[in-house]
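One structure below.
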Amino acid sequence: MEHKIRSSCFITDKILDLGSEVWHVRYFEFLYVKLDLGFKMKEIFQLPDTLPVFFESDSSEKVLIEFNDEEILYIIGAVDVQVLEGTIEPWGYTMTVDSPKTTLYSSGLHGLISIASANGHKAVVMLEKSGQSSKWKSFMSIYVPSFNMFDTNGTRLTPPKRLLELEEQLGCWFDLSKTPMSNQRLVMDEQFQGFCDELLKRSIGSPTGSIRVLLAGYKNSGKSTLMRYFINKCLKKWNRILVLDFDIGQSEFFIPGCISAFVIDRPLLGPNYTHLMQPLKSYFFESNDVMTNVPLYNEIVKKIVDDTNTDELQLMPCFINTMGFVEGAGLKILHNLISETKPSDVLQIKFNDNQELNLHSEIINDSIKSSLSYNLWYFTSAVKNKFAKAPYSPNVDKHIRQQLVTSSYFSKCLESTDIYFNDVVPYRINIQNINVKIKDVDELTQDESLDIINANVVALCVANNTHLCECVGFGVVRIVNKSTGDIFITTPVIPDILRHVNQLRLGNVSLPYTFYTEGTENPKYVSVKQDNILNEKVARHYKVM
């Protein structure tokens, strides 16, 4: 006799009247009956015992979802979220009826984000297909075609037909299985919540109330994901958060190769390439490998700390992101980071007890002859949590991750238009007004410099008579005119900041090949033809940098 699991589906009728719109229910209650036949069977994936109530409108493509008790819904994709009643906390960010509409970017490769009532009371949430994020998703699918960010990975438990229709309306998917199938989930561990509760009790400005949290751990232990959760929680009390990002290989908010400081004033509800932003301060390191120049790295660390040592910034909670390079020379760099930043709290995130980083203040004080004092916390990484990690979740290699960040950064050039990247009007600057610096290469002629940077990504820098170079952003050299020395650059950096740029630096940032092939047949930015049948002219359009 075989072991059976039966399920039955009941559709109930319910109507919600919200002013001018009438919403009809699409509510599915699933009942499971397991026959106990006295022997063990391998667990199979099931729908949860209860689902929230789904409503669809007669006059719009929006979807309402009503949550009660412990009902929870995991989203796959990008969708706009607004609270109409109650409170929710997607990845730690508190949303109420007074909160603005917020876009949630939920990818299984980085952990699916859930929506649920924050306190078990009734919460009504409106989901809406986001026009802006849909446009961004289209751009990314063109320029990083080898990776689809928000598609389901492998197998998923398919919802009933009527829920599939709602998914199509929203341009996202619902992950309804009890346990992860192919998409890992972000799990809010009690230790995370307890630490945040302790932070929120502090009063910044008092002798014992400073908040400077440094996160340390091995590569892929979840440091960045955990930092996003802490930032989202702190936004409940403080409207601005300072982040010092010392991870040059995988920056949270910028193209890799820089050491930067950022001020965060909005929730982080997605992987890093969904919330790239202009830094408060950033210095170009030129390489993604810290070991190429450890003294320079340490010098920039000290400079960033000095730059952010102002009265205004000291009143913000501060989170410090570090590299996953924590053995041998990497551990010495980490000790120096702790010494320079003087954190109030150090969080060691580890998979197992073998990952001991020796971050006790006494050990570091002996190592670098300092007198540090801070709280040391040990967190178990949620990445290995069986409820967070899907069994068949694919790995995204470093090359693809860098392509996602680079493509997303330059997608900002198209915020006001739907044209291809090759059609964006560039800025013009002459080489006589700017210094071009090529990593590890000196004494180049003007023509040689122009040849090297042509069709490459360059750091837009402000040189100030020191070897430390402030980076305000990145640009793509579209074409050069060697006869005049003109350089044409496409960048999302605003003109007010570009006015200060006096140096271009070529590091090791590369564009996906699609940036050179997608768009018009003529790869140049030129090309407005004038009506002159005897002597056809081509007008080159550009903006002055």
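The values are calculated or read from the model by the stated rules, or taken from the named source; none is laboratory data. Here the structure is a predicted model, which is why all the values come from computation and not from measurement. Here Cβ is always computed from backbone atoms with ideal geometry, including for glycine, and neighbour counts include all displayed protein chains. Note: areas computed on protein heavy atoms with side chains; ligands, DNA, RNA excluded. Shrake-Rupley method; radii C 1.70, N 1.55, O 1.52, S 1.80 Å.
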Next item on the list: Of the conditions (1) loosely packed, with under 14 Cβ neighbours inside 10 Å; (2) over 26 Å from Glu299 (Cβ atoms), Ile489 clears all except one; give me its number.
Entry: (1)
Margin query: With the structure loaded, tell me whether Trp136 is part of a helix (DSSP H, G or I), closer than 19 Å to Arg266 by Cβ and either open to solvent by less than 30 Å² (accessible area, probe 1.4 Å) or touching a Cys at 6+ places or on another chain (Cβ under 7 Å) (or both) or whether it fails that test.
Written below: no
Check: What is the one condition in (1) surrounded by fewer than 19 Cβ atoms within 10 Å (Cβ to Cβ); (2) at pLDDT 95 or above that Asn321 does not satisfy?
Finding: (1)
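Restricting to the stretch 408-466, what's the tally of residues that are at positive phi and in contact (Cβ under 8 Å) with a residue 12 or more places away in the chain?
Of all residues in the stretch 408-466, those at positive phi come to 440, 443, 455, 465.
Subset that is in contact (Cβ under 8 Å) with a residue 12 or more places away in the chain: 455.
Matching residues across the stretch 408-466 total 1.
One line per residue, one yes/no per condition, for (1) in a loop (DSSP other than H, G, I, E, B); (2) over 23 Å from the mean Cα position of the chain (by Cα); (3) loosely packed, with under 13 Cβ neighbours inside 10 Å; (4) of a type in the set (Gly, Ala, Ser):
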{"site": "Asn288", "(1), (2), (3), (4)": "yes, no, no, no"}
{"site": "Pro295", "(1), (2), (3), (4)": "no, yes, yes, no"}
{"site": "Ile300", "(1), (2), (3), (4)": "no, yes, no, no"}
{"site": "Ile304", "(1), (2), (3), (4)": "no, no, no, no"}
{"site": "Met316", "(1), (2), (3), (4)": "yes, no, no, no"}
{"site": "Phe325", "(1), (2), (3), (4)": "yes, no, no, no"}
Notebook entry, point to check: Among the residues of the stretch 143-161, which ones are surrounded by 15 or more Cβ atoms within 10 Å (Cβ to Cβ) and farther than 18 Å from Ala390 by Cβ?
Noted result: Tyr143, Val144, Pro160
Notebook entry, point to check: Just wondering, is there one or more residues in the stretch 195-210 that are outside any loop (DSSP other than H, G, I, E, B), open to solvent by less than 10 Å² (accessible area, probe 1.4 Å), among the aromatic types (Phe, Trp, Tyr) and closer than 30 Å to Tyr283 by Cβ?
Noted result: no
Item checked: Residue selected from the stretch 417-446 under the condition within 29 Å of the chain's Cα centre (by Cα), open to solvent by less than 60 Å² (accessible area, probe 1.4 Å) and not charged (D, E, K, R), by the criterion farthest from Val509 (Cα to Cα) -> Thr417
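When you scan the stretch 276-286, how many residues do you find that are within 27 Å of Arg185 (Cβ to Cβ) and open to solvent by 10 Å² or more (accessible area, probe 1.4 Å)? Outline the logic, then answer.
Start the filter on the stretch 276-286 by keeping residues that are within 27 Å of Arg185 (Cβ to Cβ), which leaves 276-277.
Filter once more, so that each one left must be open to solvent by 10 Å² or more (accessible area, probe 1.4 Å): 277.
Total meeting the criteria: 1.
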Item checked: Unmet criterion (only one of (1) more than 17 Å from the chain's Cα centre (by Cα); (2) open to solvent by 10 Å² or more (accessible area, probe 1.4 Å)) for Arg185 -> (1)
Next item on the list: Within the stretch 256-272, identify whether any single residue is more than 24 Å from Leu186 (Cα to Cα) and part of a loop (DSSP other than H, G, I, E, B), and answer yes or no.
Entry: yes
